[in-house]
Amino acid sequence: MNFSELFRLSGLLSRFSPDGKYLASCVQYRLVVRDVNTLQILQLYTCLDQIQHIEWSADSLFILCAMFRRGLVQVWSLEQPEWHCKIDEGSAGLVASCWSPDGRHILNTTEFHLRITVWSLCTKSVSYIKYPKACQQGVAFTRDGRYVALAERRDCRDCVSIFVCSDWQLLRHFDTDTQDLAGIEWAPNGCVLAVWDTCLEYKILLYSLDGRLLSSYTAYEWSLGIKSVAWSPSSQFLAIGSYDGKVRILNHVTWTVITEFEHPATVNNPKIIVYKEAEKSQKLGPGRLPRPLAPAETKYEIASGPVPLQTLKPVADRANPKIGVGLLAFSPDNYFLATRNDNVPNAVWVWDVQKLRLFVVLEQLSPVRAFQWDPQQPRLAICTGGGKVYLWSPVGCVSVQVPAEGDFQVLSLCWHLSGDSIILLSKDHFCLCYLETEEGNSPASGQRLQLRA
Amino acid sequence: MGDWMTVTDPGLSAESKNISQYTSETKMSPSSLYSQQVLCSSIPLSKNVHSFFSAFCTEENIEQSISYLDQELTTFGFPSLYEESKGKEARRELNIVAVLNCMNELLVLQRKNLLAQENVETQNLKLGSDMDHLQNCYAKLKEQLETSRREMIGLQERDRQLQCKNRNLLQLLKNEKDEVQKLQNIIASRATQYNHDMKRKEREYNKLKERLHQLVMNKKDKKIAMDVLNYVGRADGKRGSWRTGKTEARNEDEMYKVLLNDYEYRQKQILLENAELKKVLQQMKKEMISLLSPKKQKPREKADDGTGTVISDVEDDAGELSRESMWDLSCETVREQLTNSIRKQWRILKNHVEKLDNQVSKVHLEGFNDEDVISRQDHEQETEKLELEIQQCKEMIKTQQQLLQQQLATACDDDTTSLLRDCYLLEEKERLKEEWSLFKEQKKNFERERRSFTEAAIRLGLERKAFEEERASWLKQQFLNMTAFDHQNSENMKLFSAFSGNSDQDNLTIHSRPRPKKPHSASNWSPVCTSKLTKSLPASPSTSDFCQTRSCVSEHSSSSVLNINPEETKPNQVGRECINQTWSVASRPTSQEGCYSGCSLTYTNSHVEKDDLP
């Protein structure tokens, strides 16, 4: 495993381009585009204010930089550095900005969710979509980029509009049977739209592309409901994480629950491997002086017997309590599902989707911040806001200290398309972590992986 | 009669006499009463009885007494005391025999009475104790009754309390349920209230939004604008099209196409899965038929099963199978046929398996013993066979070992190749090799010791020769001086004779003499050092310096020397003899140390010695 040098960064804004060739990062009001392989700066753009959001267009030709405080969006072209585009939302304000899948339109949401403005880079035309709903996940594009579903609120009723992205024509508009819609998400095949209600009620509705209600599912009543939803890449399963600490998996044929994954505080099954992160006892060699401020290296130990996991007692009288399954992710090959139960914040649960049972539990020393699957193989990268990055694969798992002087806390991470590298983001720096490919061209200064099976 | 009257009753009338007769037992005269009391009372008082009798009968009233007694006795049914009078006038004579008989009878009666009394008394006692026991029992039972009654009352009380509690709890439960209901109602009402409020707020919010929209958007805000250098082409290279009904229709079409594609894809998958399943089903059916049909022949011949009809179906189905397999369609009739036939066959199979199970269990129950006997024989045969095999294997191993050893003995250089060839016995070989080297070393040691002994012997011979010469010269001198010192000469002669005898005893006496000369050197040796020396001695028997110290310390180290090693003891003893022999010339410098320079080295192991020693 190799690490690049540290680069400056602000606002955790660093993204690989969709084609995997470039790496864009922001430092205050500057946008830096680097080559992924050489890390040399290819372009440097200066925006009008501190950048708060960036996004690559799907064809990797443009980058938009949003400055919400000013209500401004600036778009830069990678092919034509002199080309520029500035969109000013004026007094309407700006709270969100995103590309349409064709990479030629920008959807800006104004303040108070008054409307969504669709700006075109090809023509002068501007479209408006009124009544967008202010919710957690109100806009969803299909994976093929043909349609966009938009959650709306009209006359105190939730509804969903489906637009054709090519000409922004309304295709379908239907009311949804929800109290207070919280999110929408397309299945990867683009034919089924999952719509779920606010956390006060457990309700998920499944709509076909043509607006027919396929099914609706309610697990229980009178308690906090859905917290997270994820489609499997094959569109075969819909995993629903809820506040009761369970993941329910629906199938795509009958839309009924196949299985429930519980997240108990103690792993009792002796067949389940539990990897526990533990601090290595620091060896004091005769020639090596112990660095007093150096973070202790950690390793994974395999715990046996009933393993109690560290649990958090949620504060009952506060909103958004730290309970329930808040993070869900299917591996790209559909074989595994990684989850995090928010009241067991140190643990990542990996489930075997084929056998529909728990596979492995990883318990970290500190709360898990984020995890992401390698796009190419079943390999999970985890960060906990410390100076380490953790990798799990069915073979074993490993904890790697990021070799950086000073305090480098990995707050977020993002895989490269090829699965060869990961960007590790800290508060004001980022670095790339290169993973050794299986051919084994081991670099000279690399830190070796210590796999514990 | 009148006489009799007088005799019987002197002073009383006939009537009163009768009464007295009747009451005689109870009242009688005071004296008789007393006598009865006496009878009843204890025996020791009987001494006084005589005096009472005497009191009863005096000289004067003998006659009356007798008649009284007679009367009394007759009333009790005894024979009269008087003789049977022949004449009425004659006075009746006292019949002594009768009196004695009466007395005897009375005595017998008395004794009997006493016995009876005794019995009665014991019985009384027994009954009394029984009574006591029963009373005790009674008391105890009463107590028990009391306690159980108390217990019962306690239990009843507890039961009552529990029931009370239960009632309370039920009440509480009811209350709680009511509470829950109430709370649910409250929640529901709150929810409706909340929803209502929300809606109201949202409406207000929407109104505000609308207003804001109007204010912000419709004011022709100059700021809301896009400033772009030049418009870029569309990603697909096409130009934008106008929105018309046509495009709408096209969009619809496309949407349905997408949906259709998805459904088609899914249908294809399902078809594939179905085909797979069908294949499995067909295969299963085929296998079932092949499994069932040959076995079913026999029962069919017997034709006593109820499955006969089903079997014919099976055969029919078997015939149909080829046709069915050709249809690869999901036709309903085919499906039905298939499932039906499978079901039928499954039933047959189940029956068959059950029957088999029954048979097996029957066989187990009936013929268990026979089978057991047979199996035992089989077992014995089998074990014999196995034992034979084991024997063979052992022999094989032995021969292999021999071969291996031979190989090792003949070709040490080929060890590596043989090891490679036969890695199974690698460890064994290694061990053998080690032993081999050890033996070699031991052999070397022995040879070295032998050499040193021969050298020592040669030296000894030389020394003896020199000594002889010296003695000869000395004798010569003595002989020459004999005349001069006559007296001394005689002494020396004695000494000489002792020397010439050359006995061990004399040698020892000489040895013991120089011993006190070297106590310091001996005491300076630390025990560890001495042990080292003693260990190294077998290899260096003739170095004079060591010999000296050796002789000094030999006494406290000899035991340890002896039990170092059985192989070592022999050379050690030899060495000691050697020392003893060489001691007499120890003063002479014998410089063969060069050869044994290595002897001062400390040997940790007596077996392993350095090869570079000669």
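The values are calculated or read from the model by the stated rules, or taken from the named source; none is laboratory data. All figures in this text were calculated on a predicted structure; none of them were measured in a lab. Positions of Cβ are backbone-derived with ideal geometry, glycine not excepted, and every protein chain shown enters the neighbour counts. Just the protein is used for accessible areas: all its heavy atoms, side chains included, with ligands, DNA and RNA removed. Shrake-Rupley method; radii C 1.70, N 1.55, O 1.52, S 1.80 Å.
The single condition among (1) within 14 Å of chain B (Cβ to nearest Cβ); (2) on the phi > 0 side of the Ramachandran plot that A:Leu39 does not meet is (1).
Checking the structure you have, find out if any residue of segment A:317-325 is touching a residue at least 12 places away in the same chain (Cβ under 8 Å), assigned to a strand (DSSP E or B) and not aliphatic (A, V, I, L, M). No, the conditions are met nowhere in segment A:317-325.
Being over 54 Å from the mean Cα position of the chain (by Cα) and within 14 Å of chain A (Cβ to nearest Cβ) is the requirement here; does B:Met131 meet it? When the stated conditions are applied, B:Met131 does not pass them. Might you check whether a residue that is in a strand (DSSP E or B), within 12 Å of another protein chain (Cβ to nearest Cβ) and small (Gly, Ala, Ser) occurs anywhere in segment A:113-128? Within segment A:113-128 (the criterion being in a strand (DSSP E or B), within 12 Å of another protein chain (Cβ to nearest Cβ) and small (Gly, Ala, Ser)), the answer is yes, since at least one residue qualifies.
For segment A:97-128, how many residues are among the hydrophobic types (A, V, I, L, M, F, W, C) and free of Cβ contacts under 8 Å to residues at least 24 places away in the same chain? If you could, list the steps in order and put the result at the bottom.
Filtering segment A:97-128 for residues among the hydrophobic types (A, V, I, L, M, F, W, C) gives A:98-99, A:106-107, A:112, A:114, A:116, A:118-119, A:121-122, A:126.
Filter again for free of Cβ contacts under 8 Å to residues at least 24 places away in the same chain, leaving A:112, A:114, A:122, A:126.
Adding up the residues that qualify gives 4.
None of A:Asp158, A:Asp167 is more than 29 Å from B:Glu202 (Cβ to Cβ), over 24 Å from the mean Cα position of the chain (by Cα) and open to solvent by less than 60 Å² (accessible area, probe 1.4 Å) except A:Asp167. Across segment A:58-79, the number of residues qualifying as open to solvent by 10 Å² or more (accessible area, probe 1.4 Å), more than 23 Å from A:Lys21 (Cβ to Cβ) and away from chain B (no Cβ under 11 Å) comes to 2. Of the set (1) assigned to a strand (DSSP E or B); (2) at positive phi; (3) hydrophobic (A, V, I, L, M, F, W, C), all apply to A:Cys85 but (2). Quickly run through segment B:73-102 and pick out the residues that are open to solvent by 70 Å² or more (accessible area, probe 1.4 Å) and at pLDDT below 70. Residues satisfying the conditions are B:Glu84, B:Lys86, B:Lys88, B:Glu89, B:Arg91, B:Arg92. The condition of being modelled with pLDDT of 85 or more, surrounded by fewer than 16 Cβ atoms within 10 Å (Cβ to Cβ) and within 7 Å of another protein chain (Cβ to nearest Cβ) holds for only one of B:Lys257, B:Lys199, that being B:Lys199. Residue count for segment A:274-305, restricted to those that are open to solvent by 50 Å² or more (accessible area, probe 1.4 Å) and either part of a strand (DSSP E or B) or at pLDDT 85 or above (or both): 5.
Scanning segment A:170-182 for residues that are open to solvent by less than 40 Å² (accessible area, probe 1.4 Å), in a loop (DSSP other than H, G, I, E, B) and away from chain B (no Cβ under 13 Å) turns up just one, A:Thr176.
Yes or no: A:Trp99 closer than 30 Å to A:Lys130 by Cβ, open to solvent by less than 20 Å² (accessible area, probe 1.4 Å) and aromatic (Phe, Trp, Tyr)?
Numbers: closer than 30 Å to A:Lys130 by Cβ: yes; open to solvent by less than 20 Å² (accessible area, probe 1.4 Å): yes; aromatic (Phe, Trp, Tyr): yes.
Spelling it out, A:Trp99 is indeed closer than 30 Å to A:Lys130 by Cβ, open to solvent by less than 20 Å² (accessible area, probe 1.4 Å) and aromatic (Phe, Trp, Tyr).
You will find that of A:Glu89, A:Glu82, the residue that is out of contact with any strand residue (DSSP E or B) (no Cβ under 8 Å at 6 or more places or on another chain) and within 8 Å of chain B (Cβ to nearest Cβ) is A:Glu82 and no other. Apart from one condition, A:Tyr128 fits all of (1) aromatic (Phe, Trp, Tyr); (2) surrounded by fewer than 20 Cβ atoms within 10 Å (Cβ to Cβ); (3) at pLDDT 90 or above; the exception is (3).
Right, A:Glu185: open to solvent by 30 Å² or more (accessible area, probe 1.4 Å), under 30 Å from A:Ile249 (Cβ atoms), at pLDDT 90 or above and not small (Gly, Ala, Ser) or not? Spell out how you get there, then give the answer.
Working: open to solvent by 30 Å² or more (accessible area, probe 1.4 Å): yes; under 30 Å from A:Ile249 (Cβ atoms): yes; at pLDDT 90 or above: yes; not small (Gly, Ala, Ser): yes.
In short, yes.
What do you reckon, is A:Ile54 open to solvent by less than 10 Å² (accessible area, probe 1.4 Å) and more than 11 Å from chain B (Cβ to nearest Cβ)?
On the way: open to solvent by less than 10 Å² (accessible area, probe 1.4 Å): yes; more than 11 Å from chain B (Cβ to nearest Cβ): yes.
In short, yes.
Evaluate the following for A:Thr218: is it among the hydroxyl-bearing types (Ser, Thr, Tyr), farther than 18 Å from A:Ala140 by Cα, surrounded by fewer than 17 Cβ atoms within 10 Å (Cβ to Cβ) and touching a Phe, Trp or Tyr at 6+ places or on another chain (Cβ under 7 Å)? Yes: the conditions hold for A:Thr218.
Among residues of segment B:121-148 that are free of Cβ contacts under 8 Å to residues at least 40 places away in the same chain, none has a Cβ under 8 angstrom from a residue that is of a type in the set (A, V, I, L, M, F, W, C) and part of a helix (DSSP H, G or I) at a sequence gap of 6+ or on a separate chain.
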